[in-house]
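The values are calculated or read from the model by the stated rules, or taken from the named source; none is laboratory data. In this text, all values refer to a predicted model and were calculated from it rather than measured experimentally. We place every Cβ from the backbone using ideal geometry, glycine too, and count neighbours over all the protein chains shown. Accessible surface areas use protein heavy atoms only, side chains included; no ligands, DNA or RNA. Shrake-Rupley method; radii C 1.70, N 1.55, O 1.52, S 1.80 Å.
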Amino acid sequence: KNDEMHGNGTYTWANGNKYVGEWKNGNKDGYGTNAYADGETYVGEFKNGKQDGNGTWTDVDGGEKYVGEFKNDEMHGNGTYTWANGSKYVGEFKNDEEDGNGTYTEANGDKYIGEYKNGKMHGNGTYTWADGGKYVGEFKNDNQDGIGTYTEANGDKYVGPHKDDKKHGYGTFTYADGRIETGEWVNGVKQKTTHEQKI
């Protein structure tokens, strides 16, 4: 239309990349398929030449896959990303990274439900290990960092501050048998000045 690609059509580039779908004023716009020469594919909505809207992206060997919302060629909005090893993230994305609220399940059964920022666990969340351990509290850059409660598989429980995945600060440790210790922890190591009581 007016010397521009407009409507349905197929365009193949010299490098082997190929687009099949709708065009508007010379740009990919509407529904279509990007098939790259290396095997990577995108099937979904386009706007002004960019992957924009709902779509499915699959990597070169089909092992990794994202199904969800896109904006300006990036994962942006709500979606599901699945890795080749079976790990999966379901939640919010921003600028191609996990950002907002989401649920990450590892292939080994570990699970995190909570807040993300720039692709990392950051904010409040709950991490449950496949062996039964559980942490509920604050995270920073993928680490337990801030106030939280860590319960071991055997029932022992620590409530207090954490830093870089370790107990760090003044907290309370309750053993499964009911004994309680309060005191200071530094980099996961309990200091000698603690108080123990029976309940």
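Observations on the structure shown:
- Those strands (runs of 3 or more DSSP E) of the range 1-53 in which at least 2 residues are hydrophobic (A, V, I, L, M, F, W, C), considering only elements entirely within it, cover 18-24, 41-47.
- The range 55-70: number of residues that are open to solvent by 50 Å² or more (accessible area, probe 1.4 Å), in contact with a Gly (Cβ under 9 Å, 6 or more places away or on another chain), in a strand (DSSP E or B) and not hydrophobic (A, V, I, L, M, F, W, C): 1
- Criterion: farther than 20 Å from residue 164 by Cα, at pLDDT 95 or above and surrounded by fewer than 16 Cβ atoms within 10 Å (Cβ to Cβ) - qualifying residue of 91, 123, 100: 100
- Residues satisfying the stated conditions in the range 60-71, i.e. under 13 Å from residue 44 (Cα atoms) and not aromatic (Phe, Trp, Tyr): 67, 68, 69, 71
- Among all positions in the range 76-92, there is no residue which is more than 18 Å from residue 111 (Cα to Cα) and either outside any strand (DSSP E or B) or in contact with a Ser or Thr (Cβ under 8 Å, 6 or more places away or on another chain) (or both).
- Only one of the numbered conditions (1) part of a strand (DSSP E or B); (2) within 23 Å of the chain's Cα centre (by Cα) is not met by residue 131, and that is (1).
- Residue 191 meets all of the listed conditions (1) open to solvent by less than 80 Å² (accessible area, probe 1.4 Å); (2) touching a residue at least 12 places away in the same chain (Cβ under 8 Å); (3) of a type outside the set (Lys, Arg) but one, namely (2).
- Matching residues, the range 1-39, being within 24 Å of residue 95 (Cα to Cα) and open to solvent by 50 Å² or more (accessible area, probe 1.4 Å): 27, 31, 36, 38
- Qualifying residue in the range 171-192 (condition: in a strand (DSSP E or B), modelled with pLDDT of 95 or more and in contact with a Pro (Cβ under 7 Å, 6 or more places away or on another chain)): yes
- Test result for residue 150, aromatic (Phe, Trp, Tyr), assigned to a strand (DSSP E or B) and either on the phi > 0 side of the Ramachandran plot or within 30 Å of the chain's Cα centre (by Cα) (or both): yes
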